[in-house]
Amino acid sequence: MRISMRVLLVRVFLLSVCILVLSAAARGQAPNLTSVSSTRGAGGDLNRKDVKPATSIGDPKPPIKPKREDFATLNAYEAAKDKYYEDLTDYKVTQAVTEAEKRTEVRIRESESAKVREQLLAEREAEKERADALERRLAALEGGMKTGAAATAVKEDAVKDETVTPVVTPAVATPPAQTPLDLSWTKGDFKITLFGAVRLDAYFNSARTQGAGLPGFLFPKFAGGFSQQNMSMNARHSMVGLLFRGPDIGKFHSGGRMQAVFFDNTNVFADNNGFMLTQSYGELWNDKWRFAAGLQLDVFAPNLPTSLAFSVDGAPVGNSIKGQLRVERYLKLGSDSQVTLQGALSEPLNSIKTPDISVDEDVGLPNTEGRIAFGLGKPSQIGLLRERPVEIGLSGVVGKLRRTALPSETPRRVISTTWGVNLDFRVNLSDRFGFKGEVYTGQGLGQMVGGVLQSLDAVSWKAIGSTGGWFEGYIYLTPMLHNHTGMFIDDPVNKDITGLSNTLFGRTRNRVFYNTLLWDLGKEKKKFRIGVEFTLGKTEYKDPALTGRLANSGFGIHPQFQWLF
C-alpha cells in the first residue's frame, strides 16, 4: 500500500508538470529550452521549408527490468521489482513530457524560421528594387540624351557629357529614358520630363581659331604677322530639352523630344548667344521597328569622338542637324547579336549656317541616307553608358546641291552630286577600356560637316572630294574618372580646290590630336562633371606661296564645368 501510494503521488506530480508545459506552449511561451537557431546561415534556400530540426532535449533512457537470478533473496528481488515499476512509471511520464517539449520546440523553430524566412525574402525584394531603381537612374542619365530607339542617340551631347551614346543595335527598342521624376509631369496618358545641362566652357588657343567659342579650324598664318593667342569663356553649350511620352498606338509606343543649345543659329561660329534647336521630333517604336519625323541628326556617320566642344566641330563628318523622315528595323541574330537597318529622307542643307555654305541650295529633292549596323554581345555597362561590346556600321548618303549666280553677276548655275560612304566601329575590350572611330570618303560633304566644312569650290562651284576619319582609345581609371585620347583628320582633294588670297576658302587639310580627361561627381547620380581637354591642331591652305596663307598650328586648353538636371 505504501509503494502504491508513492507511485500514485509521483504520477500526479509528473502529470502536473506535463500539463504546465503544454499550457505554457499554448500561451506562446517557450519552456526552458536552448536558443532557437536562425536561418540566416550561408547557402540556405529561403524558399524551401525547413526540415524537422534536431531538438536540443535529450531522450530519457528506459529502466532495466530486474532478473530473479541476479538477487540472492526473494525479498531483494521483490524490492527491485517495485523500484523498477516506479522507474518505469517515471520513464513513461518523462517520455511523454519530453515528446511534448519536442513538439513545442519544433513548433517554435518552425514559427521562428518562417518569420526569418519572410524577413529575408522581404529584404531580398527590397535589395532587388533598389538595384532596379539604380539601374533606371543610370539609364536615365544615359538615356537623358537618347532617343526611344537607341539608334537615334543625341550625338552632339554624347561628346560632352557621355550621357548619350550612338548605340545603334539595342537589345530591345526602349522608351525614351526618363530623367528624375521630380522634373516630370503626367496628365492622363501623356508624360513630359524636363532635362538639361548647365555648362561653362573656357577656351585658350595659341593660334586663332575660326570661332573663339567654338574652335573648328585655324586661320592661316601670314609672314610677319602678329601673335594670335585668344581665349573665350561662355555658357552657350548649355542645353535644355523636353522628353514626352504619349499613349500606345496599336503595337507601338509613342513619344519624342525637343532639345536646344544657345548658339547663334545664323552663324554657329559667331561669338554670340542665341537659341538653336538640335532635335525636335516625334516617334513610334517597338522592339522591331521605329518611325520618326522631325529635326534629327544624320543617319550617315553617326559616331562621335569624346570631345568637349560642340559636335559640329567634334568629328570630320556626320552629326549635322536636319529635318528628316526616318525608319529603322531591328533584326535579332541569336540571343546576343542584332542587325539594325536605318533609312532616311533628309533636308540636303543642315540648319547650321556657316559662311562657306550660305550660298548653296537644294534642287528640290531630299538626300537619301542609309545604314546597316551589326552589334555583337550583350549590352554591358561602361562608365555611364550601356553598350554592346562590338558594333560595326556601314552608312552612305547621296543627294544634289546647286549654286546660282546673284542677279548682279553673269548668269550661271552649277548642279553637283554629293555622296559619301562611312565605316564606323566601336570595340569595348572590357568594362574599363576600348576604342572607336570612323573612316569616310565622298564629295560635296560640307553640309554634313565633311571636307573641312567645304561642299563646293569657291570658283568652279563643283563638289569637293574629301577623305578622313578619326580614332580614339579610352580607359576608365575608375567608374568616375576616365581618359580619352585620339586624333582626327579631314583631307579634301587638292585639285578640287581653288586658293583665294585674303579669304578662308581653299582649306586643304585639318587635323587635331586631343586628350580629354573627365571626372564625374555625385556618386551614382553623376550629376556634376569637371573636364579638361588638350588639343594640338594644324590647318593647311591651297597655294600658300601664291596667296600668302601659310599653314597654321597651335595648341589649345579647354576646361569645362557641367551640371546635369
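The values are calculated or read from the model by the stated rules, or taken from the named source; none is laboratory data. For clarity, every value in this text was computed on a predicted model and none was experimentally measured. We place every Cβ from the backbone using ideal geometry, glycine too, and count neighbours over all the protein chains shown.
Descriptive notes on the structure:
- Contacts under 8 angstrom Cβ, first residue in region 277-301 being at positive phi, partner part of a loop (DSSP other than H, G, I, E, B) and polar (S, T, N, Q), 6 or more apart: ALA301/ASN319
- If you check GLY225, GLY216 for being under 33 Å from the mean Cα position of the chain (by Cα), of a type outside the set (A, V, I, L, M, F, W, C) and at pLDDT below 90, only one passes: GLY216.
- Scanning region 465-484 for residues that are closer than 22 Å to GLY537 by Cα and in contact with an Asp or Glu (Cβ under 7 Å, 6 or more places away or on another chain) turns up GLY465, SER466, THR467, GLY468, GLY469, TRP470, HIS484.
- Pick from region 488-497, criterion within 18 Å of SER416 (Cβ to Cβ) and β-branched (Val, Ile, Thr), ranking: surrounded by the fewest Cβ atoms within 10 Å (Cβ to Cβ): VAL493
- Filtered residue count, region 186-230, keeping only those that are surrounded by fewer than 14 Cβ atoms within 10 Å (Cβ to Cβ) and among the charged types (D, E, K, R): 2
- Filter result for PHE528 (surrounded by fewer than 24 Cβ atoms within 10 Å (Cβ to Cβ), out of contact with any Leu (no Cβ under 7 Å at 6 or more places or on another chain), among the hydrophobic types (A, V, I, L, M, F, W, C) and in the same structural domain as LEU304 (by TED's automatic domain parsing)): no
- Region 231-253, subset buried (at least 19 other Cβ atoms within 10 Å of the Cβ) and part of a strand (DSSP E or B), residue nearest to the chain's Cα centre (by Cα): LEU243
- THR485 vs. criteria at pLDDT 95 or above, under 25 Å from the mean Cα position of the chain (by Cα) and either buried (at least 20 other Cβ atoms within 10 Å of the Cβ) or not assigned by TED's automatic domain parsing to the domain that holds ASP362 (or both): no
- Residues of region 261-307 satisfying the condition of being assigned to a loop (DSSP other than H, G, I, E, B) and aliphatic (A, V, I, L, M): VAL268, ALA270, VAL299, ALA301, LEU304
- Test: residue in region 412-419 that is more than 35 Å from the chain's Cα centre (by Cα) and more than 26 Å from ILE321 (Cα to Cα): yes
- Cβ-Cβ distances below 7 Å connect the following pairs, each with a first residue in region 78-94 that is farther than 12 Å from PRO63 by Cα, a second residue that is of a type in the set (D, E, K, R) and at pLDDT below 75, and a separation of six or more residues or different chains: VAL93/ARG11.
- Cβ-Cβ distances below 8 Å connect the following pairs, each with a first residue in region 551-565 that is more than 21 Å from LEU536 (Cα to Cα) and in contact (Cβ under 8 Å) with a residue 60 or more places away in the chain, a second residue that is among the β-branched types (Val, Ile, Thr) and assigned to a strand (DSSP E or B), and a separation of six or more residues or different chains: PHE561/ILE530; GLN562/VAL198; GLN562/ILE530; TRP563/VAL198; PHE565/VAL198.
Every residue, every condition in (1) in a strand (DSSP E or B); (2) surrounded by 24 or more Cβ atoms within 10 Å (Cβ to Cβ); (3) touching a Lys or Arg at 6+ places or on another chain (Cβ under 9 Å), yes or no:
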position: PHE374; (1), (2), (3): yes, no, no
position: ARG386; (1), (2), (3): yes, no, no
position: ARG402; (1), (2), (3): yes, no, yes
position: GLU409; (1), (2), (3): no, no, no
position: GLY420; (1), (2), (3): yes, yes, no
position: ASP424; (1), (2), (3): yes, yes, yes
position: SER430; (1), (2), (3): no, no, no
position: VAL439; (1), (2), (3): yes, no, no
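- Only listed residue being charged (D, E, K, R) and touching a Gly at 6+ places or on another chain (Cβ under 8 Å), chosen from ASP431, ASP457, ASP424: ASP424
- Identity of the residue in region 449-482, among the aromatic types (Phe, Trp, Tyr) and closer than 28 Å to ARG529 by Cβ, that ends up surrounded by the most Cβ atoms within 10 Å (Cβ to Cβ): TRP470
- Residue check for VAL397: in a strand (DSSP E or B), surrounded by 24 or more Cβ atoms within 10 Å (Cβ to Cβ) and touching a Phe, Trp or Tyr at 6+ places or on another chain (Cβ under 6 Å): yes
- Flag: ASP490 matches the condition of being part of a strand (DSSP E or B) and assigned by TED's automatic domain parsing to the domain that holds LYS322.
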